[in-house]
């Protein structure tokens with residue numbers, strides 16, 4: 001498969017002399033490592049997840065996200081015969097695309113029974129989540145360039161979330177959104193630190209991942225985790241553009257759409273700390289399933305929440321009127337790029353958190 005230097009720029013048809021192209025250059029790390037994540041995913045092709053299978057599934061996910069250009073890019077010329085392995089992967093990919101909050105340990109067991117290795121399952125989840133990120137990035141960037149989009153859509157509502165009182169291992173589960181610190185336990189075993197080489201352990205340590213079950217699970221495909229982490233840093237930890245508090249707000253909005261209580265707890269807490277608007281952040285967290293997310297906020301946050309929520313739908317539904325509202329609140333092209341990338345990244349993050357494990361309430365220390 002041809003490996004373009006900047007797939008997103010090619011598929012979004014970004015004029016290299018445009019303001020958007022310059023903004024993406026300003027966010028060079030995010031641009032570089034989003035491409036780097038793609039390069040890793042579609043150059044590995046190892047025996048536990050061959051390249052032809054990766055492209056087949058990526059094309060299907062892009063199609064579900066209504067991104068025909070991305071779908072065509074991944075499309076195989078030949079067809080793969082259906083097998084238990086492929087059928088299980090397609091069912092898993094469909095769930096991650098449309099209803100990641102419904103994932104359960106049993107769905108991972110189906111993959112294992114169909115012959116998927118632990119590393120293969122992690123890479124499969126990463127692939128579906130990454131194409132979900134790419135799809136929203138494309139939808140957002142195309143809308144930013146004035147591509148046709150619906151003028152109006154119904155306001156986006158909060159999604160549903162887990163209602164079980166206990167986790168798979170019997171810990172106290174979460175049934176409401178919160179800003180308190182939570183634990184997260186994997187449904188697949190994290191890779192033991194002793195099984196990493198010295199060089200791999202150094203990579204984990206560099207990013208602060210050594211003691212995290214979540215990251216040592218994702219590190220079953222460490223080159224991909226490294227590029228994903230660098231993409232994250234390039235999107236959230238940069239100067240200028242959209243204030244960091246509002247990037248964290250966008251992450252919280254996506255988590256409300258997808259029902260990801262763990263991600264919301266982390267990023268709502270950051271949004272509160274940075275914005276000093278704890279009451280407004282908590283108001284967003286308190287929105288019940290089926291209720292409109294953007295209601296009752298100040299005009300700027302209302303515009304950010306409405307756009308971020310619309311971009312988080314499957315397929316995405318950003319509108320020109322939403323972009324106009326953001327521009328009226330003073331967001332320039334760089335700030336809009338930051339909002340699009342922050343939102344798109346959490347399509348990726350939520351899908352991993354929701355389908356590879358679950359949050360729990362840590363025991364209170366006496």
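One entry in [x] 52; [y] 56; [z] 48 is percent of Cα pairs over 26 Å apart calculated from the shown coordinates; its label is [z]. Short-range pairs are left out: with C-alpha atoms under 8 Å and at least six residues apart, the relative contact order of segment 1-78 is 21 percent. Counting neighbouring beta carbons within 10 Å and listing from fewest to most, the residues 169, 275 come out as 169, 275. Working note: Debye formula, equal point scatterers on the alpha-carbon atoms of segment 73-157, no solvent; log10 I(q)/I(0) at q = 0.14, 0.17, 0.21, 0.24 Å⁻¹ is -0.66, -0.85, -1.06, -1.23. Put in line by how crowded their Cβ is, counting other Cβ atoms within 10 Å and starting with the fewest, 18, 316 read 18, 316. Segment 215-267 and segment 311-361 have Cα centres spaced 11 Å apart. Between residue 21 and residue 166, the contour length at 0.36 nm per residue exceeds the alpha carbon distance by 47.4 nm.
In segment 183-360, the ratio of gyration radius to Kirkwood radius, Rg to Rh, stands at 1.00 when only Cα atoms are counted. Segment 5-39 to segment 81-135: how many Å between their Cα centroids? Cα centres, segment 5-39 to segment 81-135: 28 Å. If the viscosity is 0.890 mPa s and the temperature 25 °C, what Stokes-Einstein diffusion coefficient in µm²/s follows for segment 261-340 when Rh is the Kirkwood radius over Cα pairs? The estimated diffusion coefficient comes to 183 µm²/s. Once all Cα-Cα distances of segment 7-144 are split into 5 Å bins that start at 0, what whole-number percent is in each one? Whole-percent P(r) values from 0 Å outward: 2, 9, 19, 22, 18, 14, 8, 5, 3, 1, 0.
Annotation: the residues 6, 15, 332, sorted from fewest to most other C-beta atoms within 10 Å of their own C-beta, follow the order 15, 332, 6. Look at the alpha carbon pairs under 8 Å that are at least 6 residues apart: their mean separation over the length of segment 183-360 gives a relative contact order of 29 percent.
Working from Cα pairs under 8 Å separated by at least six residues, relative contact order for segment 7-144 is 28 percent.
Every read-out reported here was derived from the displayed coordinates using simple, explicitly stated rules and does not represent laboratory data. From a predicted model like this one, the values you see are computed outputs, not experimental measurements. Every residue, glycine among them, receives a Cβ derived from its backbone with ideal geometry; neighbour counts consider all protein chains shown.
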